[in-house]
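Chemist: Quick one: the structure is below, questions incoming.
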Amino acid sequence: MFKNKVIVILSFIVLCSTVFTGCKSRFEKLKASTDVPKKYQEAIRLYNKKDYAKALILFDDLVQRYRGRSEAEDLYYYYSFSNYKLKDYLSARYHFKTFAETYPNSSRAEECRFMAAYCFYQDSPNFSLDQENTYKAIEALQLFINLYPKSSRVAEASKLIQDLRDKLEKKSYANANLFLTIGDYQAAVIAFRNSIRDFPDTKFAEEMEFLTIKSLYLYAKNSYETKQEDRYTETIDEYNRFIEKYPKSSYTKEADKLKHESEKGIENAKNILALSLEYKKAQNDTKQ
């Protein structure tokens, strides 16, 4: 009884293996075939079946064979989308852009121009990484809006641009914070100010303006006494602007403390410089 069951199971496995091998060999046969219409029908069938990997192999051959013919537009459209479905965004955006430029009067040109930009969006990395593709995505999406201002996709394109700008804003904020963390206070001041200038509506504005005060204070504190008075004064000036702009800020208490410490720092720097002058004067008097 047990032996019979094993034979049945093995027979089933062999049958499945044979069917699988047969299917594979049929595809390989078709791939090598010169029956272009049949290959065309199978490529479309595989695409609709969402077997994009196999469809792409056939489309790759067909787009060459149908070049200059009426079917070429359809094939190139499916070819572009096959790359996209397989998440090969680099190839997809190239082919979508080429489609839009090759068939500018096609009813699909607008869609392909949008998809080329969207592929850049898909390739935009985490905010902590290099943002070259993020800038390219914004540029491509803006170009789409300029080319098709009445398109139903403009709202989506605008939203995608805002998402990308939010990512750049977050990176800018993180970079400035990093300078503060590693103790490069002068660079932190510049970075926070640049970030606020580049993203005036940023949700981090209040925090970054407070952190500018903190960076200025630490920059002054770690300076030579000869530089401290001017730098502490700049800290106080920044504090005054902050309090005027954010009278009810949650950072007020910390900002008040930094102002107080800056005032003490000015007095301390003045005293040290005065003592230094007295010491030098005494040294000169002794020599005389």
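Chemist: Under 15 Å Cα-Cα from LYS203, which aspartates and glutamates qualify once same-chain neighbours fewer than 8 residues away are excluded?
Modeler: ASP163, ASP166, GLU169
Chemist: Can you put SER82, SER107, SER91 in order of Cβ neighbours within 10 angstrom, beginning with the fewest? Show your work: numbers first, answer last.
Modeler: On the way: SER82 26, SER107 8, SER91 16.
Ranked by crowding around the Cβ, least crowded first: SER107, SER91, SER82.
Chemist: Rounded to the nearest 20 debye, what is the charge dipole size of the chain about its Cα centre when +1 sits on each Lys and Arg Cβ and -1 on each Asp and Glu Cβ? Write down the numbers at each step before the final one.
Modeler: Numbers: 47 positive and 41 negative charges, 350 e Å.
The calculation lands at about 1680 debye.
Chemist: Something else: 222 nm [θ] for the chain, helices only, -39500 (n - 2.57) per DSSP H run of 4+, per residue, to 500?
Modeler: Details: 12 runs with 233 residues, N = 288.
That comes out to -27500 deg cm²/dmol.
Chemist: Tell me which of MET208, GLN186, TYR232 sits at the most positive position along the dipole axis of the chain, charges placed on C-beta atoms (Lys, Arg +1; Asp, Glu -1).
Modeler: Of the options given, the answer is MET208.
Chemist: Then there's this: Name the shape class, rounded, prolate or oblate, that the alpha-carbon gyration tensor gives for the stretch 87-174, where a ≥ b ≥ c are the square roots of its eigenvalues, rounded holds for a/c under 1.5, and otherwise prolate holds if a/b is larger than b/c and oblate otherwise.
Modeler: On the way: a/c = 3.05, a/b = 1.65, b/c = 1.84.
It is oblate, given that a/c is not under 1.5 and a/b is not larger than b/c.
Chemist: Can you give me the relative contact order of the chain as a percent, contacts being Cα pairs under 8 Å and 6 or more apart? Write out the running numbers ahead of the final one.
Modeler: Values: 272 pairs, mean separation 21.9, N = 288.
Relative contact order here is 8 percent.
Chemist: Now for a different question. Would you mind checking LYS167/LYS248; LYS171/LYS248; LYS167/LYS264; LYS167/LYS214 for any pair whose Cα atoms are more than 32 angstrom apart? Could you put the intermediate results ahead of the total?
Modeler: Values: LYS167/LYS248 28 Å; LYS171/LYS248 27 Å; LYS167/LYS264 40 Å; LYS167/LYS214 25 Å.
Pairs exceeding the cut-off: LYS167/LYS264.
Chemist: Next question. Which of the three applies to the chain, rounded, prolate or oblate, going by the alpha-carbon gyration tensor with a ≥ b ≥ c and a/c under 1.5 meaning rounded?
Modeler: Numbers: a/c = 3.94, a/b = 2.61, b/c = 1.51.
Prolate.
Every read-out reported here was derived from the displayed coordinates using simple, explicitly stated rules and does not represent laboratory data. Here the structure is a predicted model, which is why all the values come from computation and not from measurement. With ideal geometry, Cβ positions are generated from the backbone for all residues, glycine too; neighbour counts draw on all protein chains shown.
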